[in-house]
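Here's the structure, in structure tokens; my notes come after.
Just so it is clear, none of the values below were taken in a lab; they were calculated from the coordinates. The structure presented is a predicted model; accordingly, all values stated were derived computationally and were not measured. Positions of Cβ are backbone-derived with ideal geometry, glycine not excepted, and every protein chain shown enters the neighbour counts.
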Amino acid sequence: MKTSVVFSAFLSLLSLASAATTSSDRKTYPSTFRPPQVFKNANLVHIISLEKNYVKESINVLVENIDKSPQNEYYVPFTADQLSRLGGVEVKDRKDGSVGPFVAEAVELDQSDTHYIRIRLPKALAPGAQQALGITYYLLKAYAPRPASIKQEDQQHLAYAFSAYAPSAYATSKQKTDVKFPSSTIAEYTKLPGSGDVARFPQQQGSKLTYGPFDEKPAGASQPVAVRYEFNKPVTHVSRLERDVEVSHWGGNVAFEERYTLHHRGANLSALFNRVKWQQSQYYQPNTWALKELKFPLRAGSADAYYTDVIGNVSTSRFRSGKREALLEVRPRYPVFGGWKYPFTIGWNSDAKSYLRKTPAGGFVLNVPFLEGPRQAEGVEYEQVQVRVILPEGARNVKFHTTIPTQSIASADVEIHRTFLDTIGRTALIIQARNLVDELRDRELLVSYDYPLSASLRKPLVVFASAMAVFFAAWVVGRVELKFDVAGKK
Amino acid sequence: MDSSLHEVWQAAAGSPFVPTIGKDNQFLVALTLLLLGFSLGGAFALNRSIVNLPALAVPASLALAFGVVYMFCGVGVYV
């Protein structure tokens, strides 16, 4: 029995090893590498959105092949610091929505501050031809609160520094940069001399600043500018999110658990926290930069929600589950101000029928959201995300697919997770991702696996064998003669 | 990554996974099986013989085996 268990465990491990997928899109090039000057940006519009507590940048560019041969590799430069905070890179064709998203991968240079994202065009661009690209990405940990420390009742301001010219590895004929703010209260911004009909850049239209249009700029041109603006909302930053999705075939359940390490990257308090002032401000000035509530919209049918932190259960939460949706509203134990940290855990159960289907080939396919964080008006950014899909014990031939941008996926492995009633341990698909934002919530994660009947019967068989061993031992022990044999009776 | 999984998911639209025993009945089934298992086990304990091993101990072990698994699920530990 033991030998067969060990052998089957070894076989399972072998099959897991073959199914394990590790993705690494990073390549290292020598520091002398420069992208070949085969493209020209005919027209470029750079949109920087500062409306959330992360930066969303969109570069809409009309690229033209100025080489004599077809080209399919377009490079976008980033500094080493930016690359470490860069996530969710997606590239699409602006004119043909059916094409793409294109493959975007990081190209790191050895001992250099400039690195690149390489975009592979699915079809090489012919000499002289043009293509409209839409490049979007997010930058995390982008802001600095200015002033860095404020009073509890003050308004928070954030500063952001960037280049008025879009980052480009190619010469750009014409470009402009739009900067969108959460409100029209822009305290300070860098002014530049204008060109053409415009006397001075930027031009303000409501909550938007426009730098440009600029005329011909060479590759790598930069014009540092900075803005400071009111942002009286929490700067919520999740340094690590561990999300577990545990599938149970016996129970017909998919259990979710999310462990957050949450930080507020906004302004610190310049004086000690005053509870009386806080309570007063809740009535006459409820709009605050402290984080006081998180709302988690969950799928319909979610049940048994819980909310805990290092102390234990946190009672300041409300869970409503309806036919169309479920909503978990949680309040931290204390309002979270800048520089403060609040680690917590939430979890809930769902019926497996909503997430799990049986394929005609006899396997199973699971479809769960990759990310289900809070939905906040000010947004949430995630630095490190670990999604662990714990499949039933004995599941094999694991395959997965996610609609999260591949540039954000750091690794994916299949490992063993041991918990209640396990003998060889459960198959766990572990995906590490980095630099995600809440706009990517509800992106799909599809996992397919095989789960034979023999594997599903493992748990009752183990209990059956144990119980039988006890009964058999009881019978054997009962047959042992404990009395002394009295020779004199003969 | 296997991009064909989306088609697999769509193709399986008509066959959502439904467990053998639904969530609402797991505790009742588990309790019944465990009581049966312990009763048969008790009967075997009173009369331990080679005949009673297959007659009582095997059904008791089977009832305990499935009862334990469903009791785990019935109390919310979905194994």
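Quick rundown of the values:
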{"item": "Tilt relative to chain A, helix A:2-19 - C-alpha long axis, 0 to 90 degrees, to 10", "result": "10 degrees"}
{"item": "Top positive-direction residue, dipole computed over chain A with Cβ charges, set A:Thr114, A:Ala124, A:Val179", "result": "A:Val179"}
{"item": "Listed residue pairs exceeding 27 Å between alpha carbons, taken from A:Lys95/A:Lys233; A:Lys353/A:Lys459; A:Lys68/A:Lys174; A:Lys92/A:Lys176; A:Lys123/A:Lys208; A:Lys56/A:Lys151", "result": "A:Lys95/A:Lys233; A:Lys123/A:Lys208; A:Lys56/A:Lys151"}
{"item": "Approximate spin-label separation A:Ala42-A:Thr419, in nm, with each point projected 7 Å along Cα-to-Cβ", "result": "5.6 nm"}
{"item": "Within region A:38-230: Cβ-based charge dipole about Cα centre, in debye rounded to nearest 20 (Lys, Arg +1; Asp, Glu -1)", "result": "300 debye"}
{"item": "GNM result for chain B, Cα springs below 10 Å: residue of B:Gly22, B:Gly41, B:Gly67 fluctuating most strongly", "result": "B:Gly22"}
{"item": "Of A:Lys191/A:Lys217; A:Lys40/A:Lys141; A:Lys52/A:Lys277; A:Lys323/B:Lys23, pairs whose Cα-Cα distance is over 21 Å", "result": "A:Lys40/A:Lys141; A:Lys52/A:Lys277"}
{"item": "Size of electric dipole in the protein assembly as shown: Cβ of Lys, Arg +1 and of Asp, Glu -1, about Cα centre, debye, nearest 20", "result": "960 debye"}
{"item": "From the C-alpha gyration tensor of region B:21-74, square roots of 5λ in Å", "result": "25, 9, 6"}
{"item": "Helix-only CD estimate at 222 nm, as mean residue ellipticity for the protein assembly as shown, using -39500 (n - 2.57) per DSSP H run (n ≥ 4)", "result": "-6000 deg cm²/dmol"}
{"item": "Selected from A:Ile416, A:Ala352, A:Pro374, residue furthest toward positive end of dipole (region A:317-443; charges at beta carbon)", "result": "A:Ala352"}
{"item": "For the protein assembly as shown, alpha-carbon Rg relative to the globular expectation (2.2 N^0.38 Å, N residues)", "result": "1.25"}
{"item": "Candidate aspartates and glutamates - alpha carbon under 15 Å from A:Lys180, same-chain residues fewer than 8 apart omitted", "result": "A:Glu51, A:Glu57, A:Glu188, A:Glu230, A:Glu378"}
{"item": "Computed over region A:388-428: relative contact order in percent, which uses C-alpha pairs under 8 Å that are six or more apart", "result": "57 percent"}
